[in-house]
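In what follows, a single structure is set out as structure tokens and then discussed.
Every number here is computed from the coordinates shown, using simple stated rules; none is lab data. On a predicted model such as this, the values are computed, not experimentally measured, just so you know. No Cβ is skipped: glycine too gets one built from the backbone with ideal geometry, and neighbour counts run over all protein chains shown.
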Amino acid sequence: MPHSIPVPATGFQALILCGPGVSLNTFTSNPEEYPKCLIPVANRPMVYYPLDFCKRSGITDITLITPPSALAPLQAALQQNPYLTSLPSPSPTVLAPKDLQMTTPTAELLRLPEVQACIKTDFLLLPCDLICEIPGESLLEAWMVSLSDIREGRNAQGGPNSLGPGGEKSGRRGGLAVFYPTQGAEDSVKGEVTDFVAVAPLQQDEEPAVSRYGLSKLVMSMPMDTVKEKLEHDKGFLIRHSLVEKHAQVKMLTTYRDAGLYVLPYWVRDLARQQERLESVSEDLIGYWAKAQWQRGLGEKLGLDSILGRENESLDENGSYDGESLEEEINLRDMSTTTYSSPAQHVSKSSDQVRNAESTADVQQSIEVPPILAYIQRGSAPFVRRVDSTAVLLSTSLRLAKLECIEEVGRAAASPFAFPSKIAYPEGVAQRTIVTKADCLLGPNVTVEEKCVIKESCIGTNTKICSGARLTRCVVLDGAVIGERCVLTGCIIGRRSKVGRESVLKDCEVQDGNVVPDETDAKNEQFMIFEGIDEEDDADMDVSDNVADNQDDLSL
């Protein structure tokens, strides 16, 4: 994919959330020494990819937000890791709020005083595990073009309203969220987490300016797990009449996932601070915002009227409207459109009740909620993926290993994630060895002895592959040693670990620093070190059972 030096995106800043890696616990058992954001993906630290995305977008004001416990290793990596030091200057700022824990929800993170003080303008919010090949400048351009007229609005004289310095108050800038497909591609991962996404087409007067970006209005967004719980509880998926009244056409998607990449206006900072009940950015903040565009009264309950410049004296200290709790608005039972009422009940309504209802509706509809748009990635290219599980880590590393290197196709035609060469240290590969360059990636200082066969694999820096070993669809992290005549298929081998000679492993994970005994024969196992367990075989058996149980749960 052609790419060039971007023009600096003035007026934007980027926040990259470097949180815990619970789903990657095989390789993040000690986040204080080795946090998730430093796990290699195709030999590069994970945090390299969102940093590269921001740099390619022309954003230079970048802040990494991490818990204090992970501050030291992250700062050391930014100063010493060759991939991170090779990124264009200036270097990102690392922010470690004192109250930030590994378990802090993302929306609560935005309420921390240090983060509130950090946000000074419109901003990008993205996770450290995002791999995104989409040109960032295209997303920013789509956001600015599509929302230019909407956010300005019109004053009484027909002219555009003035904007605040960060888009707040008189300016009503909307947002943009990115979603990508989890099925259909060759490297799709079975059982990957998905979200429920409902989008509506843009109105006719909005479409010409943004049609080339393929944007839609986001009207609902929530995890599929939440939808399944609601379906079981309510015996169906209940929808409010107001959604159908607002949008005649709604497309509901169940095989897409929220990329965690958002273009947000400055006023979202105030929304996060005011609504302390919001926990997750993707499910709560973005989900409520999407519904507030069509659900009557929800904008007021979120406090958007005061945030966007119209005061409302009925807001209580928690940002709720008339003392009602925000949680009541997401009760799908209250959204039911199947409630039966007899004709006699309709006749019994007094004219005063009708007038009161109409008056209430007028008040509820008085606030104009800025839209949040959805960019729905179609097809497999450009590539977008969140690397938050070992299965995705394996598939993504192998996909990036297949990219044509710069020395083959030239820098202009190469992917932004392409490496200078597929084999960084050819002198370390013995002559009587088979390495399929088209789908393999060997990092610096890799030693491969004679009679080895390496196919569709990614081998990290300073690793050693002993004679006679065969690796197929494997990821070997930095400093690992693969013993003689080992046969590995679909495995992830942790940093500085060792696999004993003549071992046969299939679809296994080996924890950092662990040693797999010689002649081990295993399938679908995690080799991890557990305190208080003397026999390694017992530990491996327990973990294997847990993995099998988790796979059964995913299949359900």
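Within the stretch 16-55, list the residues whose amide N lies under 12 Å from a label point set 7 Å along Cα→Cβ of A72.
Taking a point 7 Å out along Cα→Cβ of A72, the residues of the stretch 16-55 whose backbone N falls under 12 Å are 32-34.
What list do you get for I62, I376 if you sort them by fewest beta carbons within 10 Å?
With the sparsest Cβ surroundings first, the list reads I376, I62.
Take the Cα of N25, step 7 Å along the line toward its Cβ, and report every residue of the stretch 94-135 whose backbone nitrogen sits under 19 Å from that point.
Output list for this probe position: 101-105.
Order of K36, K251 from fewest to most other C-beta atoms within 10 Å?
K251, K36
Going through the cross-link list K36/K451; K55/K291; K36/K464, which pairs have a Cα-Cα distance over 29 Å in this structure?
Check vs 29 Å cut-off fails for K36/K451; K55/K291.
Suppose each label sits 7 Å from its Cα in the direction of the beta carbon; what would the E32-S280 distance come out to in nanometres?
Inter-label distance under the simple model: 3.0 nm.
What is the order of C128, C508, C466, fewest Cβ neighbours within 10 Å to most?
C466, C508, C128
Between K506 and A430, what is 0.36 nm times their sequence separation minus the Cα-Cα distance? Round to one decimal in nm.
24.8 nm is the gain from fully extending K506 to A430.
What percent of all Cα-Cα pairs in the stretch 12-132 falls in each 10 Å bin, counting up from 0?
Spelled out per bin, shortest first, that is 13, 50, 33, 4.
Kindly provide the pair-distance distribution of the stretch 442-536 built from C-alpha pairs, with 5 Å bins from 0 and whole-percent values in order of increasing distance.
Percent of pairs per bin, in order: 4, 15, 27, 30, 14, 6, 3, 1, 0.
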